[in-house]
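Colleague: I have a structure I would like to understand better, so I am pasting it below and will then ask my questions one at a time.
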Amino acid sequence: MLRNMWPISIVNPDEIVQYRTSSYLKRQTEAATMPSSAELMRRLDEFARQNPKSRTSKALKAKEISLEALAEAISQTCSFAEPSSLENPKGLRQWGDDVRQWYLSEFQADRQRQMEARSYDDQGTSVQTITMKVLGIPAYFSRQVENLCLKLEEQGLIVDQTQDSRSLIFKAPLKPDLVQAAEIPAVITFVRNEAAEKLWKGEGTFKVAGRRILAVNPAANPPISFKMRPKKENMGRVGILAEVAQLLMLNDSSTGDICEIYRQLCLKQGLAIIDLIPNAGMTVNLPPKRNLPPKKVFAAVGIETVNQNREVDWIATCSSLEAADIVLQAFDRHGKDRAGVTLGLVSENDKILKWFSVQMEATALHKNMKNAVRQEGTAMATGAEMLEVLPK
């Protein structure tokens with residue numbers, strides 16, 4: 001009777017192994033599958049009906065864009081985060097050969113330089129570790145740390161454990177009653193191995209709950225960095241980037257995917273940005289209570305969220321002060337190229353760009369960076385080469 005329970009021959013070990021292992025590839029394929037165009041349009045239609053005040057709903061009702069055109073723009077935008085684009089970045093295709101090679105070498109050198117690699121002695125054994133900030137982790141894992149560690153371990157990523165404590169810290173507290181966050185970044189220390197190095201260098205594809213995770217610099221405010229946000233003059237259009245994030249998530253993009261998309265869109269505009277990541281949270285005003293002074297609290301916030309008329313800020317990093325000087329100049333629409341910097345959906349359709357793109361502004365985060373950039377004056381020769389790759 002026991003023999004009849006097996007759907008395969010129990011006397012053939014090879015067949016048993018093939019039967020058992022076939023489910024692994026099946027699960028990976030299912031997790032990686034993107035929704036079809038028809039499914040994406042169905043999700044868009046549902047999103048528009050559930051959010052009648054959204055730009056998506058208004059644009060469709062005005063018949064300025066169609067569901068098909070919007071779905072095509074979302075798919076085109078998501079393609080910037082595909083593995084093939086990570087190996088041969090789409091954002092660099094308009095760059096000259098020399099400056100493209102310069103950027104790729106700067107990116108790899110920065111990854112190597114910023115790698116927080118340490119070692120410690122564990123009962124006579126030297127353990128090497130790497131610390132990084134990981135984006136794209138679903139927020140509910142903040143209450144399921146062991147489950148998260150197991151899912152990472154299945155992919156070769158071993159979270160370091162010392163004195164019965166996991167080396168994993170979520171960067172902002174969840175306050176779902178105040179502000180929503182679908183995903184939450186975490187600073188994780190991994191045992192240094194091939195998988196951890198690939199995650200850090202962006203060479204492999206690692207996923208949690210079917211969505212790609214991305215490793216970035218663990219520092220809160222890296223030394224050569226600046227803050228990006230939609231321009232203040234766009235206050236009447238608050239929430240464009242947040243809604244774009246929601247549209248990309250309808251196509252199963254994670255926060256890590258969207259960070260990579262926005263970084264490559266910056267590259268597409270000639271900006272040599274190494275990392276582009278959202279702030280982990282924001283300071284939220286608590287509802288006033290009788291006879292008590294107003295209070296504020298720091299809470300996790302998702303890139304798809306608008307809270308108290310604000311969107312999440314983005315932190316961009318460059319590999320050098322010279323590169324940062326050139327990048328910051330590009331945000332000035334009254335500067336040499338007068339193009340400015342925009343983020344949003346990618347499309348050749350002007351109507352989609354009108355509804356789903358926004359001008360950005362930038363502010364240096366550190367006084368020493370501001371002073372150094374100011375002393376640099378005008379762009380150097382390398383800067384002139386970089387500005388030549390800006391789209392006309």
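Colleague: Got a number for residues in the range 199-226 being at pLDDT 90 or above and of a type in the set (D, E, K, R)?
Modeller: Adding up the residues that qualify gives 1.
Colleague: I need the helices (runs of 4 or more DSSP H) fully contained in the range 91-204, keeping only those with at least 2 residues that are among the basic types (Lys, Arg) and farther than 26 Å from residue 307 by Cα. Can you show your working first?
Modeller: Working: elements: 97-114, 145-153, 194-201.
Those helices (runs of 4 or more DSSP H) span 97-114, 194-201.
Colleague: Is there a residue in the range 268-287 that is in contact (Cβ under 8 Å) with a residue 24 or more places away in the chain, closer than 27 Å to residue 101 by Cβ, of a type in the set (S, T, N, Q) and not in a strand (DSSP E or B)? Quick ask: steps written out before the conclusion?
Modeller: Within the range 268-287, the subset in contact (Cβ under 8 Å) with a residue 24 or more places away in the chain is 268-282, 284, 286.
Now restrict to residues that are closer than 27 Å to residue 101 by Cβ: 268-277.
With the extra rule that they be of a type in the set (S, T, N, Q), the set shrinks to 269.
So of that shortlist, the ones also not in a strand (DSSP E or B) come out as 269.
Yes, because at least one residue in the range 268-287 is in contact (Cβ under 8 Å) with a residue 24 or more places away in the chain, closer than 27 Å to residue 101 by Cβ, of a type in the set (S, T, N, Q) and not in a strand (DSSP E or B).
Colleague: Restricting to the range 57-71, and then to whatever is touching a residue at least 12 places away in the same chain (Cβ under 8 Å) and in contact with a Leu (Cβ under 9 Å, 6 or more places away or on another chain), can you tell me which residue is farthest from residue 218 (Cα to Cα)?
Modeller: 60
Colleague: So which of 316, 299, 324 ends up being surrounded by 19 or more Cβ atoms within 10 Å (Cβ to Cβ) and assigned to a helix (DSSP H, G or I)?
Modeller: On the way: 316 fails: assigned to a helix (DSSP H, G or I); 299 fails: assigned to a helix (DSSP H, G or I).
Only one candidate passes the filter, namely 324.
Colleague: Residue 271 passes all but one of (1) surrounded by fewer than 23 Cβ atoms within 10 Å (Cβ to Cβ); (2) over 22 Å from residue 134 (Cα atoms); which number fails?
Modeller: Result: residue 271 passes all but (1).
Colleague: Sort out which residues of the range 76-90 are at pLDDT below 85 and either touching a Leu at 6+ places or on another chain (Cβ under 9 Å) or not in a helix (DSSP H, G or I) (or both), and write them in order of number.
Modeller: If we filter the range 76-90 for residues that are at pLDDT below 85, which is where we start, we get 82-89.
Answer for the range 76-90, where residues must be at pLDDT below 85 and either touching a Leu at 6+ places or on another chain (Cβ under 9 Å) or not in a helix (DSSP H, G or I) (or both): 82, 88, 89.
The values are calculated or read from the model by the stated rules, or taken from the named source; none is laboratory data. What you see is a predicted model; the values in this text were computed from it and never measured. For neighbour counting, all protein chains shown are included, and Cβ atoms are generated from backbone atoms with ideal geometry for every residue, glycine included.
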